[in-house]
Amino acid sequence: MELGSHALQETLRRLDRAFQAFFRRVQVGQTPGFPRFKSSARFSGFSYPDPAGWRLFQQGPRGGTLRLGSGKTAMMIRIRGRHRFAEFMPNDLPLTHRRNHASGEDQWYASVTLRVPVSACVRQRTGEAQVGIDFGLAHWANLDEGHQIENPRWLREALPRLADLQRQRARKKRGSHRYRQLSQRIVRLYQRIADRRRDFLHRQTSALVQRCALIATEALAPKNMSRSARGTAQAPGRRVRQKAGLNREILSAGFGMAHQMLGYKAAEAGTRLHLANTRQLKPSQRCSGCWQLVPKALAERMHACPHCGCTLPRDQNSARVVLYDAWTPHDTPGTGVAARPKPLSANAVKLRSKTRETPTTAGTAQWRESS
Ligand SMILES: [Zn+2]
């Protein structure tokens, strides 16, 4: 296939950027490496910088075609799925190339950027619910009124399978045929889990945003997420590394992704997203009935308050606490009505819970499809 002139221009622009960066570093007295010649094998891809030379066709509810070039030399790429914008302008189209080192497969990714009017990004909201959520590992989500959203079955089944494959591989000689075969299977399983997990998160977050006027949850603290298997010096956990790896890459990645999706979807639907400050609020230690702190170990799955007698499953109590935090006036985040021993220091103000409410929606939306 021949490339259009604009794609070639973009390649020159990249060369130009490389040299400009080089001379800028020389000027400030650094010793940069001279920009190296990039053979086609070193090129990570190319780009259509504007809507010329390619076209996107949407066909029916779940498919489309991407046409690169024109006339007889045009290349047609089928696309699964659908973007949700009726009015849009195509903007640009970078195509990137990645070689999967484990499997040796070549993969190309086309990333279509659409220019979409803000009004087209608005999401329909059908409910006015106010929901507190505690995201977790045992269940994907625990809601304040007691309902739980399970981790999907395929994920629960895939994780032990993945660990098993990795154990098998660890017994093989590095670089051997068997080792490579197992690597391929691990990579494919990883990708399949990641794809299905993303799909699951999209569905769940869309459904939540659609029915809620307020969603309250803890702000993300990545450090808290991957420590589960380690245990203590007295009682070390088992297979810490493997388990931590799985937690980190699959479950925790899911939390980050879920938060990000909730963020932009809430903005599009006009849903208020309240992110409580975990360290100030301590949702797992605080009683949702009387707002006192009730310390408990991680293993204690029930919250039973000695002060007011409130008894709830631990995670449901946490979900209620973040929801009530969203209701309290925002000059006293995470401290509630009863407990506020001393005024917040200037430092503490920075750590405050954040409420995100309908910011202006970005003008472009990215839509990614592998081809
Ligand atoms: Zn209580």
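Taking N as the residue count of segment 171-222, its C-alpha radius of gyration divided by 2.2 N^0.38 Å amounts to 1.91. Translational diffusion of segment 23-160 was estimated from the Stokes-Einstein equation, with Rh taken as the Kirkwood radius over Cα pairs; at 25 °C and 0.890 mPa s the coefficient is 119 µm²/s.
Go through segment 45-53 residue by residue and turn each phi into a ³J(HN,Hα) via Karplus (6.51, -1.76, 1.60, θ = phi - 60°); whole Hz please, and just put x for glycine and proline. Per-residue couplings from phi come out as x, 9, 8, 8, x, 8, x, 8, x Hz.
Note on surface exposure: Arg156, Arg178 rank Arg178, Arg156 by accessible area, highest first, 1.4 Å probe. With 0.36 nm allotted per residue and the present C-alpha distance subtracted, the Thr73-Lys282 stretch has 69.1 nm of extension available.
Estimated from the Cβ-Cβ distance and a Förster radius of 25 angstrom, the FRET efficiency linking His202 and Arg36 is about 0.05.
Accessible-area rank, largest first, for Cys308, Cys287: Cys308, Cys287, with all protein chains present and a 1.4 angstrom probe. As a length-normalised measure over Cα pairs under 8 Å and 6 or more apart, the relative contact order of segment 5-121 settles at 20 percent.
Of Phe57, Phe23, the order by accessible heavy-atom surface (1.4 Å probe, DNA, RNA and ligands excluded), from most exposed downward, is Phe23, Phe57. Computed extension length for His177-Arg17: 53.4 nm, one decimal, from 0.36 nm per residue of separation with the Cα-Cα distance subtracted.
The calculated FRET efficiency for the pair Ser111 and Ala170, based on their C-beta separation and a Förster distance of 25 Å, comes to about 0.10. Full extension of the chain segment joining Gln210 with Phe57 gains 52.3 nm, where the gain is 0.36 nm per residue of separation less the Cα-Cα distance.
The values are calculated or read from the model by the stated rules, or taken from the named source; none is laboratory data. Computed from a prediction, not measured in an experiment: that's the story for all the values here. Backbone-built Cβ (ideal geometry, glycine too); neighbour counts: all protein chains shown. Ligands, DNA and RNA are excluded from the accessible area calculation, which covers all protein heavy atoms including side chains. Shrake-Rupley method; radii C 1.70, N 1.55, O 1.52, S 1.80 Å.
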